[in-house]
Amino acid sequence: MPASPSQLAMLRRRAAEMRWHIVAMMGANKAHHFGGSLSAADIVTALYFYKMRYDPANPGWPQRDRFIMSKGHSVPAQYAALALLGVFPVEELATLKRLGSRLQGHPAMRYTPGIEGCTGALGEGLSYANGMALAGRIQGQDYRVYCLLGDGELHEGQTWEAAMTSARQCLANVVAIIDRNGLKAMDETACGKSLDPLPDRWAAFGWAVREIDGHDMAAICEALDWATDQDRPAAIIANTVKGKGVSLFEGQAKFHNAPITEAQLQQALDELKAALAEEA
């Protein structure tokens, strides 16, 4: 069944809460990946709080759906979701990137509950997802593997090698979601290598493809439901805004990974608090 109006309202509130926690845990005067974490917040919210089969009390449950954050620098969005689910305390978010913390700047599966893979060397995540999907097939499990990729990492050849493998192995339990915010670390994604027409590219590799507004919660949920009905791997191209939710960050490559001042932090938190109040 599609997401109900009450579910969508809850998800929008949760996404607003996620964004506040993402910025709050990063804080001021230390470089963090604000842009990509905020652009992915709606997608990550829909996965954990709507679509995935997941038990927060048992993050190692064998039948759970898996989530691979291929663009590992955006893992703060995943940390926020796991904390709000209760996998670890919300108070622990404040330890992000501190020496000895379980919450490092890139996913560390041996340290952090709920993290499925050590990613961040861009381009590796879809290969990892394929391996997990194949393992599920061998073990007779029906879980799905969701892999979130940045559009910048689509410049990596390994991503397309993995895409061929997904289709060749008929991995209908793999869903790739592309956070297409149009920006990399220093400039526009298109400044590297052209990805257009991106939907046709994925289709040519044998994938079912849908393109959506990556900040429209109803569209995200509908696309995730659509993906589970496919008989082949599915790619959801989510058009997003880098730094979504904070006017200072939106559409600015310089906030891909940068420190902010105390004043900028307060401005961002005030905007996100106001957005959260609007969704209440």
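The values are calculated or read from the model by the stated rules, or taken from the named source; none is laboratory data. These figures come from a predicted structure and were not determined experimentally. Note: ideal-geometry Cβ built from the backbone for every residue, glycine included; neighbour counts use all protein chains shown.
Miscellaneous remarks
- Qualifying residue in the stretch 162-169 (condition: within 17 Å of Ser37 (Cα to Cα) and either small (Gly, Ala, Ser) or under 15 Å from the mean Cα position of the chain (by Cα) (or both)): no
- The residues of the stretch 1-22 that are of a type in the set (Gly, Ala, Ser) and either under 23 Å from Ala274 (Cβ atoms) or surrounded by fewer than 20 Cβ atoms within 10 Å (Cβ to Cβ) (or both), listed by number, are Ser4, Ser6, Ala9, Ala15, Ala16.
Here is a yes/no grid of residues against (1) touching a His at 6+ places or on another chain (Cβ under 8 Å); (2) among the small types (Gly, Ala, Ser); (3) buried (at least 18 other Cβ atoms within 10 Å of the Cβ):
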| residue | (1), (2), (3) |
| --- | --- |
| Val174 | no, no, yes |
| Lys184 | yes, no, yes |
| Pro199 | no, no, no |
| Ala203 | no, yes, no |
| Ala208 | no, yes, yes |
| Gly214 | no, yes, yes |
| Asp231 | no, no, no |
| Ala234 | no, yes, yes |
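- Set Glu279, Glu250, Glu262: member being in contact with a helix residue (DSSP H, G or I) (Cβ under 8 Å, 6 or more places away or on another chain) and surrounded by fewer than 17 Cβ atoms within 10 Å (Cβ to Cβ): Glu279
- Subset of the stretch 103-115 (residues that are under 21 Å from Val175 (Cβ atoms) and either surrounded by fewer than 20 Cβ atoms within 10 Å (Cβ to Cβ) or at pLDDT below 95 (or both)): Pro107, Met109
- Any hit, the stretch 190-209, residues being in contact with a Phe, Trp or Tyr (Cβ under 8 Å, 6 or more places away or on another chain) and free of Cβ contacts under 8 Å to residues at least 24 places away in the same chain: no
- Residues of the stretch 1-42 classified as under 12 Å from Ala77 (Cβ atoms) and of a type in the set (Gly, Ala, Ser), total: 7
- Which listed residue, of Ala280, Ala263, Ala219, is at pLDDT below 95 and farther than 21 Å from Gln158 by Cβ: Ala280
- Matching residues, the stretch 140-163, being touching a residue at least 60 places away in the same chain (Cβ under 8 Å), under 16 Å from Arg66 (Cα atoms) and not in a strand (DSSP E or B): Gln141, Asp142, Tyr143, Arg144
- Matching residues in the stretch 62-102 - criterion: being among the hydrophobic types (A, V, I, L, M, F, W, C), at pLDDT 95 or above, more than 14 Å from the chain's Cα centre (by Cα) and outside any helix (DSSP H, G or I): Val87, Phe88, Leu96
- Put simply, of Ala9, Ala24, Ala31 the only residue that is in contact with a strand residue (DSSP E or B) (Cβ under 7 Å, 6 or more places away or on another chain), among the aliphatic types (A, V, I, L, M) and more than 14 Å from Leu148 (Cβ to Cβ) is Ala31.
- Residues of the stretch 104-117 classified as in contact (Cβ under 8 Å) with a residue 40 or more places away in the chain and under 22 Å from Lys30 (Cβ atoms), total: 2
- Meets criteria (assigned to a strand (DSSP E or B) and more than 17 Å from the chain's Cα centre (by Cα)) for Val175: no
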